[in-house]
Amino acid sequence: MSIRHIAPWGISVALLVAAAAFFLFCMRGYTYIGCSLLFIAALVLIHHFGSEGFRRWTLILVSLGLIYFCLVELPIVKNARTDPEPGRKYLIVLGAAVHGDSPSLALTHRLEGALDYLNRYPDSVAIVSGGKGKGENITEAECMRRWLINHEVDSGRIICEDKATSTMENLLFSFDIIRSLGDAPDGNVALLSSSYHLYRAKCMAEQLGVKAAGVAGNPGYPVYMLNCFIREAFGVTHLWVFGN
């Protein structure tokens, strides 16, 4: 059968599946876009092969899911920027993946944002927070410390918190460090993370009794950021349901 005899919807499904395979198996960090493309391909197949009743229920469920997704994304997008006048005594830089000894793309973007912030507020102290995960030769905190020092940040302005394995632990352990220095975290903290992650991080800080300013790291590639915003909807849902 030549391609001219294939129905347009069939070509669409094939292209969607091929694109999904590319994002899932050839690119790192694009899983949610790949899965979204597979989901759309499945909807096209249901439209053409599903019974009328099955199509109707699928439409209802998908519509409800899209409405919920939009409601979740509203606060995520609203908080995906640096707050006005974010200058604070302490800047907590939330960790992200390290590949061997090198920061991942997401962590590099956070560190670039941290560097801009520290240059803008020369009296601020950075608490770089993150332990050692799978595939990491050093802790995320140590990786961040080295990067900032290599970019001419005084080592005396950097405090390492190298035990945390989650955002909640990042905050909890960093707040403990601030208290050990004789300060109260509330009102003295700015949180630096990727833009899509700021809403969840600030919510967790409020659960711990700390109102923090949000500082967005440098933006990443648009398609990568789209993947992260989709993924964050699941993270926020987990926060709303389980509180962490």
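The values are calculated or read from the model by the stated rules, or taken from the named source; none is laboratory data. Because the structure is a prediction, the values reported are computed rather than measured. Don't worry about glycine lacking a Cβ; one is built from the backbone with ideal geometry, like all the others, and counts go over all protein chains shown. For accessibility, only protein heavy atoms count, side chains too; no ligands or nucleic acids. Shrake-Rupley method; radii C 1.70, N 1.55, O 1.52, S 1.80 Å.
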**Report entry** Cβ-Cβ under 9 Å pairs, at least 6 apart or on other chains, segment 171-193 side in a loop (DSSP other than H, G, I, E, B), far side of a type in the set (Gly, Ala, Ser) and open to solvent by 10 Å² or more (accessible area, probe 1.4 Å)
**Finding:** PRO185/GLY209; PRO185/ALA212; ASP186/GLY209; ASP186/ALA212; GLY187/ALA212; ASN188/ALA212
Query raised in the report: In the list LEU94, LEU105, which residue meets the criterion of being closer than 21 Å to MET168 by Cα and under 18 Å from the mean Cα position of the chain (by Cα)?
Result: LEU94
Query raised in the report: Residues of segment 226-244 being open to solvent by 20 Å² or more (accessible area, probe 1.4 Å) and not hydrophobic (A, V, I, L, M, F, W, C), which ones?
Result: ARG231, THR237, HIS238, GLY243, ASN244
Report task. Quick one: which residue in TYR121, TYR30, TYR117 is closer than 18 Å to LEU148 by Cβ and within 22 Å of the chain's Cα centre (by Cα)? Result -> TYR117
Report summary line: Being under 23 Å from ARG28 (Cβ atoms) and surrounded by fewer than 24 Cβ atoms within 10 Å (Cβ to Cβ) narrows GLY135, GLY130 down to just GLY135
Report summary line: Note on GLY133: of the conditions (1) in a helix (DSSP H, G or I); (2) within 25 Å of ASN227 (Cα to Cα), unmet is (1)
Query raised in the report: If only one of TYR199, TYR224 is under 14 Å from the mean Cα position of the chain (by Cα), of a type outside the set (Asp, Glu) and within 14 Å of ASP83 (Cβ to Cβ), which one is it?
Result: TYR199
Query - Residue check, LYS89 at pLDDT 95 or above, farther than 21 Å from ARG231 by Cα and open to solvent by 50 Å² or more (accessible area, probe 1.4 Å) - result: yes
Query raised in the report: If a residue has to be assigned to a strand (DSSP E or B) and touching a helix residue (DSSP H, G or I) at 6+ places or on another chain (Cβ under 6 Å) to count, how many in segment 92-118 make the cut?
Result: 5
Report summary line: Among (1) under 10 Å from the mean Cα position of the chain (by Cα); (2) open to solvent by less than 10 Å² (accessible area, probe 1.4 Å), PRO185 falls short only on (1)
Query raised in the report: Inside segment 198-225, can you point out the residues that are part of a helix (DSSP H, G or I), open to solvent by 10 Å² or more (accessible area, probe 1.4 Å) and modelled with pLDDT of 95 or more?
Result: TYR199, ARG200, LYS202, CYS203, GLU206, GLN207
Requested in this report: Might you check whether a residue that is open to solvent by 40 Å² or more (accessible area, probe 1.4 Å) and free of Cβ contacts under 8 Å to residues at least 60 places away in the same chain occurs anywhere in segment 108-118?
Outcome: no
Query - Filter result for VAL77 (touching a residue at least 60 places away in the same chain (Cβ under 8 Å), closer than 19 Å to TYR224 by Cβ and either open to solvent by 60 Å² or more (accessible area, probe 1.4 Å) or among the β-branched types (Val, Ile, Thr) (or both)) - result: yes
Report task. Give the number of residues within segment 118-139 that are more than 24 Å from GLY87 (Cα to Cα) and not β-branched (Val, Ile, Thr). Result -> 7
